[in-house]
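Here's the structure we're looking at; comments come further down.
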Amino acid sequence: MNKHTAHTANRSAVRAAARTTASAATVAVAATLALGGCTADPIPPTVDRPLVRADDVQSISLGIEDVTDNEQDWDAVRERLDAAHANMVTLASGRVEFVAFDWEAHPEAVADEGTDHLAVAIDELAAGPGDEPRLVDILIDALIPKWISEDPSVGGVAEDGSVSKYTPSATAIHDGPVGDRYLELVEELARRYQPDQITFTELKFDDETFGKDDSALYRQMTGEADWPRRDDGSIDQSAPEIGEWRSQVLADLLDRASAVLDDVAADTGKRTKLGMDTLINWDDPTAGVPDSGLSYPVLVEHADRLVLWGYLGIGNHTPRELEDVLAALERSGMPMEKFIVSVGIWDHGEADGTISPKLMAAGVRAADTHGITSVNVTPYTLMTPEHWSALSEVWTTLPATLPAPSPSEGSP
């Protein structure tokens with residue numbers, strides 16, 4: 001059997017195993033409970049892989065539509081990643097209400113019963129040319145539209161009393177069931193797939209943190225008697241105190257998630273890093289976006305990585321502007337090694353919905369400046385052959401990956 005045939009056979013075996021893992025685990029748990037009613041042992045990992053690190057990261061993101069595509073041509077995906085010299089892949093796991101694997105604790109959230117799409121994607125993509133390992137980042141989308149539609153009490157509330165369709169309240173995250181479910185998913189992903197990183201996306205606030213529960217939480221956390229108010233009695237939503245409070249709510253969640261990852265590492269010897277997607281403040285980069293709970297000075301102390309949304313086509317920004325943002329962060333003394341710059345190729349003003357390959361390439365070059373060592377391009381599904389060709393002219397070599405240190409050795 002030649003190497004290609006062996007790899008194909010192995011992937012077929014993994015696909016079959018991924019489709020039966022959940023049912024086998026359910027049987028095992030049921031049997032254990034039947035024999036004496038004891039708590040079942042933890043389910044073994046679906047993917048047993050060594051963690052790796054890299055001094056330089058070149059990453060591509062696959063959305064949930066790519067990961068759960070039963071007709072996905074994984075050979076073609078792998079060939080594109082190889083040609084672009086990508087040494088990390090970011091895979092969407094879904095939301096807590098819609099996941100790409102059989103989640104025994106929450107079967108109502110399973111996207112495609114009987115198929116572990118994440119296990120298949122990791123098996124297909126976690127190794128590059130010459131079996132050089134790729135880093136694996138698993139993305140959690142924090143939006144919960146279905147949950148809010150079924151239980152509006154977990155939704156954020158605006159000053160006028162309207163309930164958000166997508167975003168949970170600060171209380172539901174900080175002290176409530178939504179935050180607890182996020183942590184359940186973090187633990188499930190860390191134990192099952194042993195990824196190098198787990199990253200929250202869309203974990204931010206809009207203007208819906210003014211319900212009665214959030215008002216009480218604000219008073220409790222800040223010691224204030226009331227919201228900051230304008231002369232007419234309305235809430236001063238731009239007051240810095242509100243932005244700092246929102247950022248602390250998210251920082252506290254990140255601390256809880258880090259503790260979960262520490263607990264998993266104590267069992268597995270593998271410490272997954274914690275990432276957090278953040279908006280860019282193009283006018284005042286070093287502040288982050290506190291109104292959304294995304295204060296960089298706060299969050300950088302609570303996450304292993306902050307992923308900056310360098311989305312040029314949304315807001316009509318230029319590569320020079322992106323480079324200016326990074327220069328400002330560097331001048332401020334921010335730890336640049338903790339940032340990943342994600343170059344998004346969306347452009348809602350164009351007929352095909354994407355920025356040009358030339359602009360994407362310029363954005364990637366701009367992202368790799370001022371101490372940034374990790375750059376991501378997203379999303380895979382919108383990239384044309386011309387985008388791939390342009391990217392391969394920027395990323396001309398494959399950065400080396402190295403074994404990650406054990407938790408006892410600390411971070412590199």
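The values are calculated or read from the model by the stated rules, or taken from the named source; none is laboratory data. Computed from a prediction, not measured in an experiment: that's the story for all the values here. Here the Cβ is made from the backbone with ideal geometry for all residues, glycine too, and neighbour counts use every protein chain on show. With ligands, DNA and RNA removed, areas are computed over all heavy atoms of the protein, side chains included. Shrake-Rupley method; radii C 1.70, N 1.55, O 1.52, S 1.80 Å.
Tally the residues that are under 18 Å from residue 65 (Cβ atoms) and surrounded by fewer than 24 Cβ atoms within 10 Å (Cβ to Cβ), restricting the search to segment 346-377. Matching residues across segment 346-377 total 5. The residue that is surrounded by the fewest Cβ atoms within 10 Å (Cβ to Cβ), among those in segment 132-184 that are of a type in the set (A, V, I, L, M) and out of contact with any Gly (no Cβ under 9 Å at 6 or more places or on another chain), is 183.
The listed residues are 308, 326, and the only one of them that is more than 21 Å from residue 139 (Cβ to Cβ), open to solvent by less than 10 Å² (accessible area, probe 1.4 Å) and in contact with a strand residue (DSSP E or B) (Cβ under 8 Å, 6 or more places away or on another chain) turns out to be 326. Report yes if some residue within segment 106-126 is in contact with a strand residue (DSSP E or B) (Cβ under 6 Å, 6 or more places away or on another chain), part of a loop (DSSP other than H, G, I, E, B), touching a residue at least 60 places away in the same chain (Cβ under 8 Å) and crowded, with 16+ Cβ neighbours inside 10 Å; otherwise report no. Yes: one or more hits.
If only residues of segment 320-370 that are assigned to a strand (DSSP E or B) and of a type outside the set (Val, Ile, Thr) are counted, the one that is farthest from the chain's Cα centre (by Cα) is 346.
Would you mind stating whether residue 382 is among the hydrophobic types (A, V, I, L, M, F, W, C), in contact with a His (Cβ under 6 Å, 6 or more places away or on another chain) and open to solvent by 40 Å² or more (accessible area, probe 1.4 Å)? So residue 382 fails the test. Close contacts from segment 328-357, counting a first residue that is over 23 Å from residue 201 (Cβ atoms) and a second that is modelled with pLDDT of 95 or more and open to solvent by 70 Å² or more (accessible area, probe 1.4 Å), with Cβ to Cβ under 7 Å and a gap of 6+ residues or different chains, come to 357/386. Per the conditions (1) basic (Lys, Arg); (2) within 17 Å of the chain's Cα centre (by Cα); (3) farther than 30 Å from residue 177 by Cβ, the sole criterion not satisfied by residue 95 is (3).
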